[in-house]
Amino acid sequence: MRLAEVWKRLCAAGSLFLAASSSVSASSWDLSETTRSKWAAQELRQDKAPDGLPDGHIAKASKGDIGATWYSSPTTRYRHGVIGDAIEAGRLNVKDSAGTVHFLDLPESEVFEDRTPRLADLDGDGRTEVITIRSSSRGGGSVTLYGVRYGTLREIASTGFIGRANRWLNIAGIADYLGTGSLQIAYVETPHIGGTLRVFEFTGGPLREVLSARGFSNHAIGSRNLGLSATADMNGDGIADLLVPTNSRRELKALSLNSGTVREIASIKLPAELATDIHVERSAGGTAFLFGLDNGRFYRLK
Ligand SMILES: [Ca+2]
Ligand SMILES: [Ca+2]
């Protein structure tokens, strides 16, 4: 499948992690201070999820068989509390393209340890997948996919739980990092205690791990900010690359994944720890990344 087709599909699915339409040359990166006012207006204005988490929103898509998704049934039954508070979600909701709302309740031993689900047609079959972070009290986190099949919201595939209680993972991006025509999910497992970047591919069957690499972190424990990463073509080969912090979150690395291994395109040391989501700014002049550090200042990487 051509990149343009993948791009169109991502746009149609309303994915939060869009591949770049223009490349940025990571080999000549320049980090400069900026003001938040310059880029705060770009933040996605999302609707609050009904009966949802204090910080949960509705994800929407204009095409595909699912128009919206959100978490609800807030609960404190899962005593972990690493993403801003100890309130997690017990229910996943989707509104299908006909306007019918479907929901699915997790067992008491599990929660969605996440803020807002994501929508994308990962395998290109025209049916939208809902991409969630689902945790179990015994096994920790997983990436679990749901979809509407035969009129019912049901689980489609899962990475499986990490295997230990209170181990979490944070999704870093959804794009065709491999250049194969499907969309892959990149996430960092255990970002607080030394993280491992993992990339999984969904082509209709089970989720399949295609690569992993140690040494990355896209979340600070206790923070509500889950978007400490970005997706753009950073080496000009037309294939999406991933920008993600190293374990200290004081360095960003641009990674090309399309060879099936992690290849570093560029890296840049930061004057303090990355603290905010990374916003991607696209203009005729190229792509820039905007973010805040824990020194209270805001920066522009271009
Ligand atoms: Ca699909
Ligand atoms: Ca690339």
The condition of being of a type in the set (Lys, Arg) and touching a residue at least 40 places away in the same chain (Cβ under 8 Å) holds, among Arg149, Arg167, Arg154, Arg198, only for Arg154
When region 258-274 is checked residue by residue, the ones that are in a loop (DSSP other than H, G, I, E, B) and under 24 Å from Ala220 (Cβ atoms) are Val262, Leu270, Pro271, Ala272, Glu273
Checked pairs for region 118-141, first in contact (Cβ under 8 Å) with a residue 12 or more places away in the chain and within 6 Å of ligand 1 (Cβ to nearest atom), second of a type in the set (Asp, Glu) and in a strand (DSSP E or B), C-beta under 6 Å and 6 or more apart or across chains, list as Leu122/Glu129
Of the listed residues (Glu273, Glu251, Glu264), the one being closer than 27 Å to Glu33 by Cα, surrounded by fewer than 20 Cβ atoms within 10 Å (Cβ to Cβ) and free of Cβ contacts under 8 Å to residues at least 12 places away in the same chain is Glu264
When region 276-295 is checked residue by residue, the ones that are under 13 Å from Thr34 (Cβ atoms) and either without any contact (Cβ under 8 Å) to a residue 24 or more places away in the chain or in a strand (DSSP E or B) (or both) are His279, Glu281, Ala288, Phe289, Leu290, Phe291, Gly292, Leu293
Going through region 114-165 in order, the residues found to be crowded, with 19+ Cβ neighbours inside 10 Å and among the polar types (S, T, N, Q) are Thr116, Thr128, Thr132, Ser135, Ser136, Ser142, Thr144, Thr159
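Rule-based calculations on the coordinates, nothing more; no lab input. Computed from a prediction, not measured in an experiment: that's the story for all the values here. Because the Cβ atoms are built from the backbone with ideal geometry, glycine has one as well, and the counts that use them run over all protein chains shown.
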